[in-house]
Amino acid sequence: MTAYEPEGATGRPGGADPRGTPGADAGYDAVVLAGGAARRLGGEDKPGVRVGGRTLLDRVLAACADATRTVVVARPRPTARPVEWAREDPPGGGPLAALDAGLRHTGEPYVLVLSADLPFLEEKTVRRLLDTLRAGTPHEIPGASRPARDGHVTRAEVPGARHGDPGSRADGPGARSDGVLLTDPDGRDQPLVAVYRADALRRELAVLAAAHGSLSGLPLRRLVAALDLTRITDPVASFDCDTWDDIAAARARIREHGHVLDEWISAVKDELGIDLDVDTGVLLDLARDAAHGVARPAAPLTTFLVGYAAARAGGGPEAVAEAARKAAALALRWADEDTPDARPDSGPPAAPATPATPATEPDAG
């Protein structure tokens, strides 16, 4: 494997030098590692296993949809959204070789590194990782424990490691960390659910490649041990699927009452290629009003018509909300007409008749 040779300073022609301190609004690239033998799944193509009607890979890709560039390190396959493809050399060379291959396609100052088996990763977790790193937080945050380094290789044990590099192993409460990763409920690092400074990754991968002649076969913990990392805990987002029991647990969770609607809406939007945040409460209220005030089949038909009207109005959450408001008001007016005391809307109600007085009563004779 050849050493990383950036075009300009970033790997992109004309790109800005990432070695400076990036701004708070700096973008990020995503590298998704989707290779591996999946031995505990009997060699099944793990990224292609479906949870909630979507492949594990597509679920992960949805969480990083706003990345400047998304690189998937694996053999190409159909995905719900366009990505770039890369392969490690040699194929099957392990996570460090795969990360190096994906990193060659990136140019932003931050790199989100993910495995392709995270069924519950969401955009909000990605934002939390990025915001934490951009804020320049200390290496540890309150409530997060730093795992023991027993069995880990420290930077001092890596031949050729350069102590005192800019951005490396700085100490002190405000020191700039090299990345932010999730830990699982047991406090174990999840380095494939993390965001890193791209320059720190390139630096340490180059050190490891120089020390060992190749990154192929090297464990990921060698890279983790060489970086200053902030750790945050998210027991749901860090859940990964290594076994069929894990797959079964993930499939069961998304069907629980508290999750099933959000999961279904996310799956439908992904399937239809829709990137739209909609207030599902508004639509559910509309469906209820149409079903109760008109007829049960009116609920799905009305919500369909609302969507069509919103699309004609230019789309967007505001268009959906306005169309839903109009349809809901109509459903309530419709229902009001079916009450016993309903009166016509054409004018004010007629005054009640009054009995005639004896003085005006004709003489019956």
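None of the figures in this text is laboratory data; all of them are computed from the coordinates on show. Note that the coordinates shown come from a computational prediction; the quantities given were computed from them, not determined experimentally. All Cβ positions, even for glycine, are placed from backbone atoms using ideal geometry, and neighbour counts span all protein chains on display.
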Which FRET efficiency value, to the nearest 0.05, do you get for D245 and R75 by plugging their Cβ-Cβ distance into 1/(1 + (r/R0)^6) with R0 = 25 Å?
0.40
Sorted peptide list for 179-191, 325-337, criterion being average Cβ within 10 angstrom, highest first:
179-191, 325-337
What are the extents of the Cα atoms of segment 258-320 along their three principal axes, listed from largest to smallest and rounded to whole Å?
32, 31, 17
Order the peptides 84-93, 204-213, 223-232 from the highest to the lowest mean number of other Cβ atoms within 10 Å of their residues.
223-232, 204-213, 84-93
For segment 167-258, report the translational diffusion coefficient in µm²/s to the nearest whole number, using Stokes-Einstein at 10 °C, 1.306 mPa s, and a Kirkwood Rh over Cα pairs.
104
What span do the alpha-carbon atoms of segment 229-273 cover on each of the three principal axes, reported in whole Å from largest to smallest?
38, 26, 20
Would you grab the residues whose amide H sits under 5 Å from the one on V72? Only those 5+ places off in sequence or on another chain, please, with H modelled 1.01 Å from N.
V32, E84, W85, A86
Efficiency of FRET between R40 and W334 - r from beta-carbon atoms, R0 51 angstrom, step 0.05
0.35
Debye log10 I(q)/I(0) at q = 0.18, 0.20, 0.22 Å⁻¹ for segment 31-132, Cα point scatterers
-0.84, -1.04, -1.24
Using a basic spin-label model with each label point 7 Å from the Cα along Cα→Cβ, how many nm lie between R255 and D186?
2.7
By average C-beta atoms within 10 angstrom, highest first, the peptides 271-277, 290-296
290-296, 271-277
Sorted by chain and then number, the residues having a modelled amide H within less than 5 Å of the amide H of Y110, at least 5 places away or on another chain, are D29, A198
Using alpha carbon coordinates only, what is the Rg to Rh ratio of segment 285-332, with Rh defined as the Kirkwood radius?
0.98
Compactness of segment 70-115 as Cα Rg over 2.2 N^0.38 Å, two decimals:
1.11
Here the relative contact order (percent) of segment 193-311, from C-alpha pairs under 8 Å and at least 6 apart, is 10
